[in-house]
Amino acid sequence: MPLYLGLDSSTQSLTAIVIDADADRRAIVYETSLKFDEALPRYGTRHGVLPRTDPAVAVSPPQMWADALDLVLGRVAAHIDVSRLAAISGSAQQHGSVYLNADAASVLARLDPAREPGDQLTRVLSRPFAPIWMDSSTSAECAEIEAAVGGAAALARRTGSRAFERFTGPQIRKFFKHDAEGYAATERIHLVSSFLASLLAGEHAPLDPGDASGMNLMDLGSLGWWPAALDATAPDLFRRLPAVVPSWTVAGHLSSYWQTRHRLPPAKVVVWSGDNPCSLVGTGLVREGLVAISLGTSDTIFGWMRAPRADPTSTGHVFAAPIGGYMGMTVFKNGSLAREQVRDMFGLTWSGFSRILASTVPGNGGGMLLPWFEPEITPPVLRPGVRRLGLAANDGPANVRAIVEAQMIAMALHSRWMGVDIRTIYATGGASANRAILQVMADVFDADVYQFEAGNAACVGAALRAFHADAASSGHDLAWEDVVRRIAEPVASSRVQPDRAARAVYEDLIGRYAAFEAEALAASASSS
Ligand code: XUL
């Protein structure tokens with residue numbers, strides 16, 4: 001029976017998950033992961049990002065992602081029966097872009113299998129580094145694009161989001177304005193997802209509508225490029241962008257490079273998507289009324305929606321969903337790295353952090369913090385800085401509880417626009433393994449929280465998308481409920497229930513947090 005491989009190229013790591021989709025034996029049969037900083041130290045990244053002096057700028061080397069793919073595919077080939085590998089798909093951090101010159105097509109088709117891919121790709125990059133989702137350096141371009149298309153609301157109505165600094169359109173415009181020569185030499189602009197799919201297939205791969213929604217360039221209605229947004233972004237952009245195709249499209253087959261290098265078969269390469277759209281599949285959110293929270297480098301909250309419903313507060317996004325329909329989502333930049341900063345400030349291990357969380361009381365005696373270690377996406381904060389109220393900066397236990405409460409309260413507040421009465425939350429991402437964090441989540445949302453067997457729903461979703469597309473390409477249109485069965489189902493025994501006694505505490509704290517946040521935003525607006 002066939003096997004399906006899902007890959008997830010995230011900010012800090014690359015993961016692979018192989019599933020056996022046989023109806024009776026359906027299960028994850030292999031999983032492996034590497035951290036970019038540790039496995040590929042020659043690229044000099046920290047948490048997957050190149051060291052920076054300006055906190056607004058965040059770039060990564062695309063060659064590092066390519067070499068990571070090589071290492072992980074080597075491991076996969078050594079551990080599974082490769083003759084059964086039918087299809088591969090992937091998930092990638094969203095918004096990041098890779099700029100390739102006119103030599104790319106021939107270089108991709110003729111990589112030397114005796115050598116690693118990264119080094120061979122350097123000469124096809126028309127922009128040496130890829131700006132990634134953590135970049136917040138394009139406020140000027142956001143304003144220009146919004147003005148050119150008739151305002152933020154017009155852009156949001158058409159593309160699903162007002163202009164956001166990390167979105168690819170503003171990033172492309174900045175590149176065009178600051179390096180016109182580099183832009184002129186660019187023949188193709190890929191997202192991380194389509195770049196890695198191209199590398200697998202040995203030819204330029206298209207984009208899926210889910211990841212293309214994170215560019216401020218795609219018309220959510222037609223699922224094609226919106227000419228007004230393209231014109232507002234950079235000249236002659238259409239011919240530089242990949243086509244947008246249905247998420248279950250087979251983009252090609254594993255190229256001869258991988259076949260020779262790792263003795264892999266010419267498996268189908270299914271178009272990749274973004275990590276959040278893939279997580280929608282990997283958490284089995286194939287119907288309305290459910291939400292998932294992903295606790296990773298970014299924290300995100302999302303759910304499927306039948307029709308696009310714009311966020312009147314302009315903080316959230318509507319993306320096309322890789323299963324058809326749409327998804328609503330709100331993204332927080334101060335996720336795992338903010339939790340890690342608090343852990344490190346007080347010299348704790350993760351188990352020490354959890355013990356403190358479990359032994360401190362909900363509401364923290366009223367002490368709060370705003371967790372803006374980095375510039376924040378939701379709510380928009382360009383100048384970072386942690387603000388505390390009724391909380392001593394040197395009180396370790398209180399700060400541990402305050403960071404997690406702040407993150408959960410911010411998620412509860414800024415997901416209200418999605419209009420879901422949240423009774424159940426599916427938790428995924430690295431920190432979803434931490435049940436003390438999930439208890440705070442359950443208490444703040446007053447909802448049941450469930451975990452999954454595999455912590456990386458994006459990667460599971462990519463493998464399931466490969467399975468679905470393989471069937472679709474052979475004329476079998478599988479229902480998504482069947483695709484996700486037994487793999488993207490939460491573990492029933494993992495349920496974390498809300499503590500009823502905490503309810504009144506959080507009702508009060510959420511209101512006070514909202515006021516504290518609004519005050520801090522108003523103060524920073526008046527000082528800028
Ligand atoms: C989504 C976003 C992040 C990245 C992280 O809009 O910016 O969740 O996808 O990988």
Helices (runs of 4 or more DSSP H) fully within segment 162-246 counting 2 or more residues that are more than 27 Å from residue 268 (Cα to Cα) and touching a residue at least 40 places away in the same chain (Cβ under 8 Å): 168-178, 180-184, 227-233
Number of the exception - residue 185 against (1) touching a helix residue (DSSP H, G or I) at 6+ places or on another chain (Cβ under 9 Å); (2) within 30 Å of residue 256 (Cβ to Cβ); (3) surrounded by fewer than 24 Cβ atoms within 10 Å (Cβ to Cβ); (4) not polar (S, T, N, Q): (1)
If I ask for residues that are touching a strand residue (DSSP E or B) at 6+ places or on another chain (Cβ under 6 Å) and part of a loop (DSSP other than H, G, I, E, B), which ones from segment 49-80 would you list? 50, 58, 80
Cβ-Cβ below 9 Å, separation at least six or inter-chain, first residue in segment 11-22 and within 18 Å of residue 92 (Cβ to Cβ), second more than 12 Å from the ligand (Cβ to nearest atom) and among the basic types (Lys, Arg): which pairs? 12/35; 13/35; 14/35; 16/75
Can you say whether residue 86 is of a type in the set (Gly, Ala, Ser), farther than 16 Å from residue 194 by Cα and away from the ligand (no atom under 16 Å from the Cβ), as far as the supplied structure shows? yes
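Residues are listed down the side, and each one gets a yes or a no for (1) over 27 Å from residue 139 (Cα atoms); (2) free of Cβ contacts under 8 Å to residues at least 12 places away in the same chain; (3) crowded, with 21+ Cβ neighbours inside 10 Å:
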{"residue": "337", "(1), (2), (3)": "no, no, no"}
{"residue": "355", "(1), (2), (3)": "yes, no, no"}
{"residue": "369", "(1), (2), (3)": "no, no, yes"}
{"residue": "372", "(1), (2), (3)": "no, no, yes"}
{"residue": "377", "(1), (2), (3)": "no, no, yes"}
{"residue": "401", "(1), (2), (3)": "yes, no, yes"}
{"residue": "404", "(1), (2), (3)": "yes, no, yes"}
Mind telling me which of the residues 5, 73, 14 ends up being within 18 Å of residue 275 (Cβ to Cβ) and away from the ligand (no atom under 15 Å from the Cβ)? 5
Strands (runs of 3 or more DSSP E) (entirely within segment 330-431) containing at least 2 residues that are under 23 Å from residue 494 (Cα atoms) and not assigned by TED's automatic domain parsing to the domain that holds residue 91: 424-428
Would you pick out the residues in segment 120-139 that are over 19 Å from residue 192 (Cβ atoms) and touching a residue at least 24 places away in the same chain (Cβ under 8 Å)? 139
Subset of segment 314-329 [part of a loop (DSSP other than H, G, I, E, B), of a type in the set (Gly, Ala, Ser) and on the phi < 0 side of the Ramachandran plot]: 316, 321
Are any residues in segment 31-48 touching a Phe, Trp or Tyr at 6+ places or on another chain (Cβ under 9 Å) and assigned to a helix (DSSP H, G or I), and if so, which ones? 36, 37, 43
Segment 254-312, residues that are assigned to a helix (DSSP H, G or I) and within 16 Å of the ligand (Cβ to nearest atom): 275, 276, 277, 278, 279, 280, 281, 282
When you scan segment 189-233, how many residues do you find that are surrounded by fewer than 21 Cβ atoms within 10 Å (Cβ to Cβ) and among the small types (Gly, Ala, Ser)? 4
Give segment 17-28 a look and list any residue that's over 19 Å from the mean Cα position of the chain (by Cα), buried (at least 16 other Cβ atoms within 10 Å of the Cβ) and either within 16 Å of the ligand (Cβ to nearest atom) or not acidic (Asp, Glu) (or both), or say none. 18, 19, 21, 28
On the given criteria, is residue 315 closer than 22 Å to residue 442 by Cβ, under 22 Å from the mean Cα position of the chain (by Cα) and within 14 Å of the ligand (Cβ to nearest atom)? no
Hey, residue 234 within 16 Å of the chain's Cα centre (by Cα) and within 17 Å of residue 191 (Cβ to Cβ) or not: no
Selected residue (criterion: nearest to residue 190 (Cα to Cα)) from residues of segment 269-293 that are under 13 Å from the mean Cα position of the chain (by Cα) and among the hydroxyl-bearing types (Ser, Thr, Tyr): 273
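The values are calculated or read from the model by the stated rules, or taken from the named source; none is laboratory data. Small disclaimer: the values here were computed from a predicted structure and weren't measured. Methodologically, a virtual Cβ is constructed for each residue, glycine included, from the backbone with ideal geometry; neighbour enumeration extends over all protein chains shown.
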